[in-house]
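What follows is a single structure, written as structure tokens, with notes after it.
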Amino acid sequence: MAAYEKQQPQPQPPLNAGYYGPPIPPPQPAYYPPPPAPHRGGGGPRCLLCFLFKVVALAVIALGAASLVLWLIFRPDAPKAYADSAALSRFELGAGAGGDLLQYNLTVAIRLRNPNRFGIRYEYAEAQALYDGERFGFDPLQPFYLGGKSDARVTAAFSGSAPVDGDDDVRRTYRRENGEGFYYIKVRVYSDLSFRVRVFRVRDYKSKITCVLRLPAPAAGGNANATAMTTLGTRCDVDF
């Protein structure tokens, strides 16, 4: 039997010996992607319109806040109203073609007093005349201005004829007041107002003036177009 010799391990070169293999590449630096470029919005007319809208919105808010502050400082008091005089030259209730017919001729002078320091503009005003709850006259008034701490006078004129509902109450009231020699007629003035405070104007206010007049009955057979005024000095109610 052949004898095998035990193979001896080959000696290893020392660790600090020279290395003659392929070159070892140097370590690569870490890669960080660049930050994304900032988004640039589109320019031109669209941005200009946005800017103008913001400016207008800020201006409206500032004006509204200033108007509110001035309104709180100069909060208006209701104007005072008086029916100074009136002339009732005709007031006859009789039978018409379709029922009772009221023929009338009435003129009323109303004085307004503004207790505020700023003026009041009556943008729209109309006067209505009523008898026993029935409206029989209407007169559109011209717009006018009532200055601060001042008076203004308006005249409402009603003339013509108007049908009256076939209600026995109206006829009974007319006969009773005709016998007493006085008619109670109600005159109302409806108005749309605005106030001027410094350079600001506050709108969308409404007013209703109600005057209850006690007027002497016209003389039978008198002149229906007479204009003699009766002094009243009646205080009117003002809903403001």
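Restricted to segment 184-201, and to residues that are in contact (Cβ under 8 Å) with a residue 60 or more places away in the chain and more than 22 Å from residue 154 (Cβ to Cβ), which residue is surrounded by the most Cβ atoms within 10 Å (Cβ to Cβ)?
197
Residues that are at pLDDT 95 or above and within 29 Å of residue 76 (Cα to Cα): does segment 94-107 have at least one?
So far as segment 94-107 goes, no, none of its residues is at pLDDT 95 or above and within 29 Å of residue 76 (Cα to Cα).
Being touching a residue at least 24 places away in the same chain (Cβ under 8 Å) and either in contact with a Ser or Thr (Cβ under 9 Å, 6 or more places away or on another chain) or open to solvent by 40 Å² or more (accessible area, probe 1.4 Å) (or both) is the filter here; which residues of segment 94-107 pass it?
Matches in segment 94-107: 96, 98, 101, 102, 103, 104, 105, 106, 107.
Search segment 118-168 for residues being in a loop (DSSP other than H, G, I, E, B) and touching a Phe, Trp or Tyr at 6+ places or on another chain (Cβ under 7 Å), and hand back the single one that is farthest from residue 229 (Cα to Cα).
Out of the qualifying residues, it is 118.
Can you report the number of residues in segment 153-172 which are at pLDDT 95 or above and buried (at least 18 other Cβ atoms within 10 Å of the Cβ)?
Count: 3.
The values are calculated or read from the model by the stated rules, or taken from the named source; none is laboratory data. Given the structure is predicted, the values throughout are model-derived calculations rather than measurements. Backbone-built Cβ (ideal geometry, glycine too); neighbour counts: all protein chains shown. For accessibility, only protein heavy atoms count, side chains too; no ligands or nucleic acids. Shrake-Rupley method; radii C 1.70, N 1.55, O 1.52, S 1.80 Å.
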